[in-house]
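First comes the structure, then the notes that go with it.
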């Protein structure tokens, strides 16, 4: 007969809580896609390689939401502060081009994405890790504001 210790039971309880917290729900999941059958609007988090490939097709509307200006990915179409993006949704070409937002590290763009979803934005993407990840992947960064 095996007797479970308090530490073992604590581990099992913690694991159960963690697994239940990671399943189901709505909104942005680890992949940026909605999860669960009742998920509402959301966004997709993409990698620098995915963005690079998208930019090669020319079907991307790239939005830098970082303030203050600290750099830009070549090909950026517009600069909209993350705090203003929800009020500027009508200026973005949803349905005509793939809208991708980014910032320096991903923090401001995630806040912007949440505000966009709350304001009713249709499908769009966010560059995970921001332009730091873009640079780490070996891609260039513009350092002068256009």
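Considering only residues in region 28-51 that are modelled with pLDDT of 95 or more and surrounded by fewer than 17 Cβ atoms within 10 Å (Cβ to Cβ), the one that is nearest to residue 106 (Cα to Cα) turns out to be 47.
Among the residues making up region 61-106, those that are under 14 Å from residue 145 (Cβ atoms), more than 17 Å from the chain's Cα centre (by Cα) and in contact (Cβ under 8 Å) with a residue 24 or more places away in the chain are 69, 70, 71, 74.
For region 131-145: of the residues being free of Cβ contacts under 8 Å to residues at least 60 places away in the same chain and more than 13 Å from residue 104 (Cα to Cα), which is nearest to the chain's Cα centre (by Cα)? By that ranking, first place goes to 138.
With respect to residue 121, is the statement that it is more than 19 Å from residue 43 (Cα to Cα), over 12 Å from the mean Cα position of the chain (by Cα) and surrounded by 14 or more Cβ atoms within 10 Å (Cβ to Cβ) true? Considered against the rule, which asks whether it is more than 19 Å from residue 43 (Cα to Cα), over 12 Å from the mean Cα position of the chain (by Cα) and surrounded by 14 or more Cβ atoms within 10 Å (Cβ to Cβ), residue 121 comes out as no.
Just one residue in the set 66, 145 is part of a loop (DSSP other than H, G, I, E, B) and buried (at least 20 other Cβ atoms within 10 Å of the Cβ); that residue is 66.
If you go through region 127-136 one residue at a time, do you hit one that is at pLDDT 95 or above, in a loop (DSSP other than H, G, I, E, B) and touching a helix residue (DSSP H, G or I) at 6+ places or on another chain (Cβ under 6 Å)?
Within region 127-136, the subset at pLDDT 95 or above is 127-136.
Checking the rest, the ones that are also in a loop (DSSP other than H, G, I, E, B) come to 128-129.
Okay, now just the ones that are also touching a helix residue (DSSP H, G or I) at 6+ places or on another chain (Cβ under 6 Å), so none.
No: region 127-136 contains no residue that is at pLDDT 95 or above, in a loop (DSSP other than H, G, I, E, B) and touching a helix residue (DSSP H, G or I) at 6+ places or on another chain (Cβ under 6 Å).
Scanning region 69-87 for residues that are in a helix (DSSP H, G or I) and surrounded by 15 or more Cβ atoms within 10 Å (Cβ to Cβ) turns up 85, 86.
Given the structure, is residue 110 in contact with a strand residue (DSSP E or B) (Cβ under 9 Å, 6 or more places away or on another chain), modelled with pLDDT of 95 or more and surrounded by 12 or more Cβ atoms within 10 Å (Cβ to Cβ)?
Numbers: in contact with a strand residue (DSSP E or B) (Cβ under 9 Å, 6 or more places away or on another chain): yes; modelled with pLDDT of 95 or more: yes; surrounded by 12 or more Cβ atoms within 10 Å (Cβ to Cβ): yes.
Answer is yes for this residue.
The values are calculated or read from the model by the stated rules, or taken from the named source; none is laboratory data. None of these values were measured; they are calculated from a predicted model. All Cβ positions, glycine included, derive from the backbone under ideal geometry; neighbour counts span all protein chains shown.
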